[in-house]
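Visitor: Pasting in a structure now, in structure tokens, and then I'll have a few things to ask.
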Amino acid sequence: MDINKILDKGAELMTTYGLKVIGAIVIWIIGSWVIKKLMKAVSNVMTKKNYDESLQKFLLNLVSWGLKILLIISILGILGIPTASFAAILAAAGLAIGLALQGSLANFAGGVLLMIFKPIKIGDFIEAQGEMGVVKEIEIFTTKINTVDNRLVIIPNGILSNGNIINYTAEDKRRVDLIAGVSYDADIKQTKDVLMKILTDNPLVLKDPAPTVNVTELADSSVNFNVRPWTKTEDYWTVYFEVVESMKLELDKAGIEIPYPHSVEIQKQG
């Protein structure tokens, strides 16, 4: 083959497609830069308008992917690929992929439901799907939580939105439920007075709703009292541990016995 024809053909191809490829690369670089700046501007607007942090991240992910898809379609048009045909192919492929990825679509729908109904938000302490932890991030398909022992758990949004969610921090007040068991020989009124004083003396226990102490069970070896102080949600564990410790100390001080199993040791005689 004549070398001149090869060079002419190469020049023709470069003229026809080279500029388009260069243009596509330039559009990709500029488009990516514009998307980055646009996403930053959208994020700033959401922050100023006090959008929920979970909603911000979810919408930013969604908008970012949408803009990138539009940029790719535009670049394909610049390269001379008919976008109408591409759209038809994309629709057919989308249908096939949708059937193959029903679980992913369910997770996407679950993420949308979580954003609309807001049963949880970033920073909430929740229990769901057998896990307990603080919500770290709500993404398009999954939600990430940090457990109390600092494990990262990733839960698909589909099963999260369709399952039971216990949100321990949704309300600003919580009741601490404790049980104190004392001997049958103990005076009930004295015991109630001691337990109630523990609650009223604790500055983190709320006066409204008022704390309660009630006999709840006559068990096999003890009379059990329900001890129920109310506190701010953020003070829950502090009150829990302080009241448990105080119950032991104050009941001992009042001479009120807390029953426990006694073991009998048999010693051999020498």
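Visitor: Note down all Cβ pairs under 9 Å where the first residue falls in segment 224-237 and is assigned by TED's automatic domain parsing to the domain that holds residue 189 and assigned to a strand (DSSP E or B), the second is crowded, with 18+ Cβ neighbours inside 10 Å and among the hydroxyl-bearing types (Ser, Thr, Tyr), and they're at least six residues apart or on different chains.
Guide: Short answer, once both residue conditions are applied: 225/191.
Visitor: Scan segment 177-190 and give yes if some residue there is among the acidic types (Asp, Glu), surrounded by 12 or more Cβ atoms within 10 Å (Cβ to Cβ), farther than 30 Å from residue 246 by Cα and modelled with pLDDT of 85 or more, otherwise no. So that I can check it myself, show each step before the final result.
Guide: In the first step, residues of segment 177-190 are kept if they are among the acidic types (Asp, Glu); the result is 177, 185, 187.
Imposing the further condition that a residue be surrounded by 12 or more Cβ atoms within 10 Å (Cβ to Cβ) reduces the set to 187.
Pick out the ones that are also farther than 30 Å from residue 246 by Cα and you get none.
Within segment 177-190, not a single residue is among the acidic types (Asp, Glu), surrounded by 12 or more Cβ atoms within 10 Å (Cβ to Cβ), farther than 30 Å from residue 246 by Cα and modelled with pLDDT of 85 or more.
Visitor: Also: Please state which of the following conditions residue 133 fails to meet, knowing it meets all the rest: (1) without any contact (Cβ under 8 Å) to a residue 12 or more places away in the chain; (2) in a strand (DSSP E or B); (3) over 16 Å from residue 58 (Cα atoms).
Guide: (1)
Visitor: Of the residues 75, 116, which single one is modelled with pLDDT of 70 or more and closer than 30 Å to residue 24 by Cβ? Break it down stepwise before answering.
Guide: On the way: 116 fails: closer than 30 Å to residue 24 by Cβ.
Selected residue: 75, the only one of 75, 116 that is modelled with pLDDT of 70 or more and closer than 30 Å to residue 24 by Cβ.
The values are calculated or read from the model by the stated rules, or taken from the named source; none is laboratory data. Keep in mind that this is a model prediction, so the values were computed, not measured. Positions of Cβ are backbone-derived with ideal geometry, glycine not excepted, and every protein chain shown enters the neighbour counts.
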